[in-house]
1. For A:Lys61 and A:Ser123, what does the FRET efficiency come to when R0 = 30 Å and r is the distance between their Cβ atoms, rounded to the nearest 0.05?
2. Rounded if a/c is under 1.5, else prolate if a/b beats b/c, else oblate: with a ≥ b ≥ c from the C-alpha gyration tensor eigenvalues square-rooted, which is the range C:61-153?
3. Once you charge only the Cβ atoms, +1 for Lys and Arg and -1 for Asp and Glu, what is the size of the charge dipole of the protein assembly as shown about its Cα centre, to the nearest 20 debye?
4. Rounded to a whole number, what % of the accessible area of the protein assembly as shown do carbon and sulfur atoms account for, probe 1.4 Å?
5. May I ask you to give the solvent-accessible area per residue for the range B:94-203, in square angstrom, as obtained with a 1.4 angstrom probe?
6. Taking amide H atoms as placed 1.01 Å from N in the peptide plane, list the residues 5 or more away in sequence, or in a different chain, whose amide H sits under 5 Å from that of C:Arg118.
7. Could you state the number of Å between the C-alpha centres of the range A:88-144 and the range B:111-149?
8. For A:Asp28, what accessible surface area do you get with a 1.4 Å probe? Give it in Å², rounded to 10.
Amino acid sequence: MNVFSKIIFTIFVIQMNGYAFAESSSIDEISKYRELLADGNPAELWEMRGEELWKKKIAPKNVSLEQCDLGKGAGVVKGAYVELPRYFSDVNKVMDLEQRLVYCRKTLQGLSHEQAVKVPFGSVGNASDIEALVAYITSESRGMKMNVSNKHPLEKESYEIGKRFFFYRAGTHDFSCATCHSADKKRIRLQELPNLLNKLDAQKTYTTWPAYRVSQGEVRSMQHRLSDCLRQQRFPEPVYASDSMTALIMFLAKNADGGVYDAPALKR
Amino acid sequence: MKKMLMGLSVSIVITGCTTAAIKTDYGQTMLTLLRSEFISKGPATVERVLSQDEVQKICSEYPVERPEKMATLIQDSQMKTVQYPSDGIYIGDWKNGEKIAQNGRGFQSSDPLGGVNGGNCYACHNITKSEISYGNIGPSLYNYIKAHGSSEQVIKYTWAKIYNSQAYTDCSSMPRFGHSGILNEQQIKDVMALLLDPASPVNQ
Amino acid sequence: MNQSRRDILRMTSVLGLGLAGSLFGSFNVFGAEWMPKSFDAKNLADALKELGVDKYTVSSDVAVVSAEIAENGAVVPVSVSSVIPNTEYMAILVEKNPSPLSAAFNIPEGTEASVTTRVKMGGTSNVYAVVKADGKWFLASKEIKVTLGGCGG
Amino acid sequence: MADPMRIRAVLNGDKVEVKVLIRHDMETGLRKDQAGEIIPPHFIKTLIAQYEGKTVLDAVMGISVSKDPFLHFKFKGGVKGGKLNVTWVDNLGDTRTDSAIIS
């Protein structure tokens with residue numbers, strides 16, 4: 001198309017369908033906004049702090065987390081996240097990363113449960129050690145393929161529970177996870193909604209959490225993501241790092257199998 | 001998708017080596033966890049999400065398609081819930097309607113108890129030309145009168161659709177604003193005005 | 001930057017920043033002074049006046065680069081740049097913010113007159129790049145729309 | 001104490017490309033906390049980047065620079081292995097200096 005006919009065409013499109021035209025250019029500009037933001041991701045600051053925390057000896061036992069077994073053996077961080085959640089024989093249950101971290105903080109470092117789950121999500125002036133640790137651990141799986149097992153019966157059970165949860169419609173607004181996340185190319189306002197039942201969307205989404213949320217100025221973990229979805233779904237608050245959340249994460253993680261992990265990312 | 005959901009209501013028997021007792025009624029286990037691992041906060045209570053009505057139960061079990069009989073059952077039962085305005089006046093103030101359409105608060109764990117709820121219509125619908133931040137889960141409502149007219153039939157349909165969307169579409173994604181007590185009668189009138197008042201920006 | 005300030009900078013490179021800080025007070029290692037009057041100005045005209053911008057030229061040699069729509073006003077990436085020779089100073093102003101001046105940069109010789117940062121925007125607004133080169137002021141602007149996102153208002 | 005910065009300095013042709021990420025709340029003093037109390041302002045006012053002692057960028061910032069500030073700029077004259085220092089000072093007098101070796 002030459003420039004002249006392009007202009008004519010553009011005018012035509014604007015006249016015929018000005019609204020749709022405005023819509024598509026809005027979405028282009030938002031992609032541009034996201035590209036520009038991707039240039040420097042503050043999540044790196046969380047990764048740095050998380051690595052320090054991982055190696056830092058703390059009271060009462062004066063040990064670090066370096067012997068924590070994230071599923072690939074004591075102290076192995078590299079590639080651990082792309083295989084989580086998984087079955088852990090030492091506790092005979094399936095755990096996601098955050099549940100496992102709480103477990104290590106309790107058993108290795110000697111923290112009480114209250115201490116171990118204190119400040120799961122940070123806010124201004126009240127930074128979360130867990131979010132920093134999660135940022136560090138997940139960053140060590142960057143570039144690797146999601147490879148979540150459902151071989152163990154408890155892994156299978158966790159997945160199936162998560163699936164039931166995903167489709168459970170309830171509350172004042174009749175919402176389930178599926179209400180917003182089971183069809184392609186849907187948006188709330190201008191926010192695109194991934195179809196978590198579509199393999200590519202599920203991969204693209206799961207592999208880009210946790211993320212630095214520019215709207216919150218914090219790195220947010222998967223647990224936070226789900227808690228906030230549930231809040232908007234008009235559900236009550238899930239207990240942090242509970243089995244139901246692990247089950248939901250298991251369902252999402254397994255659906256993302258094969259996707260190349262690329263987080264902590266940066267999101268709106 | 002359909003295949004994936006076939007097992008939802010059926011217990012799956014697991015064979016082979018198991019080291020732990022596996023509960024096979026996953027739905028029941030999920031509900032047990034929902035009861036024990038969630039905390040009521042503000043207007044969002046554990047009791048509310050545990051007490052699914054028949055519609056929610058069917059829609060959870062058959063999220064995509066459901067047998068004709070169930071679909072009809074939902075639509076008929078939900079149509080019966082619709083309460084038309086007591087004074088016969090359907091159209092309120094479109095300016096308030098616009099505010100309700102913009103406001104997404106209400107019944108979240110982070111919202112105050114007894115606060116004023118919004119309809120959050122823009123989350124899913126294109127409504128006015130000036131608001132470019134709108135979703136596409138529902139159809140465009142821009143130029144509503146041009147598209148649908150403003151006959152008595154259209155007015156009553158629109159009221160019922162807002163009051164209880166499932167009267168027309170079983171397992172619709174749209175909340176049942178009147179039936180579930182999200183919007184009150186006056187608020188529904190105002191949203192009606194946003195769509196059906198010729199002076200509303202929707203029809204400009 | 002005046003001569004004595006340059007001297008201090010030269011000294012800091014010898015003494016190391018920490019020591020210089022303790023000798024002179026940490027602010028003294030900086031070339032640019034924080035200008036309370038400019039930062040506190042409540043509208044664009046006042047902010048420009050406080051920056052010392054009396055006359056200016058709107059110039060296509062100055063650019064504000066950003067997306068036209070920001071998904072979140074809390075973080076809006078903005079680049080300001082100038083291809084005018086001897087650009088020595090650049091400032092970013094957000095017209096509709098309660099205090100328009102966001103940040104300003106001294107551009108020493110050898111540094112490209114192009115800086116990217118991120119600013120908060122209270123809402124849709126024009127964003128201005130104000131540039132000083134050879135003692136003259138140049139301006140460019142771009143409108144950036146700020147949208148709401150997400151559900152639950 | 002302030003968290004460390006993340007500084008990247010990469011030689012590209014004859015220019016060193018610098019990206020600086022800073023962990024700072026950049027609190028405006030205009031926001032209220034959940035109890036309705038004004039959160040006091042807390043923001044970086046001045047920042048200086050120096051290459052081997054020579055100033056390569058010199059910035060002043062207000063409350064409308066975003067939380068966790070990011071700066072991206074380029075300068076000439078740097079060599080691989082050279083050292084870049086970045087220092088900021090905020091309105092409460094808190095300060096931090098970090099450095100990066102040009103790669």
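1. Efficiency computed from Cβ-Cβ geometry: 0.60.
2. prolate
3. 820
4. 54
5. With all protein chains present, the range B:94-203 gives 40 Å² per residue.
6. Those qualifying (amide H under 5 Å, at least 5 residues apart or on another chain) are C:Val78, D:Ser66, D:Phe70.
7. Taking the Cα centre of each part, the range B:111-149 and the range A:88-144 sit 40 Å apart.
8. Approximately 100 Å² of A:Asp28 is accessible to the 1.4 Å probe.
The values are calculated or read from the model by the stated rules, or taken from the named source; none is laboratory data. All figures in this text were calculated on a predicted structure; none of them were measured in a lab. Cβ: placed from backbone, ideal geometry, glycine included. Neighbour counts: every protein chain shown. These accessible areas exclude ligands, DNA and RNA; they are computed on the full protein's heavy atoms, side chains included. Shrake-Rupley method; radii C 1.70, N 1.55, O 1.52, S 1.80 Å.
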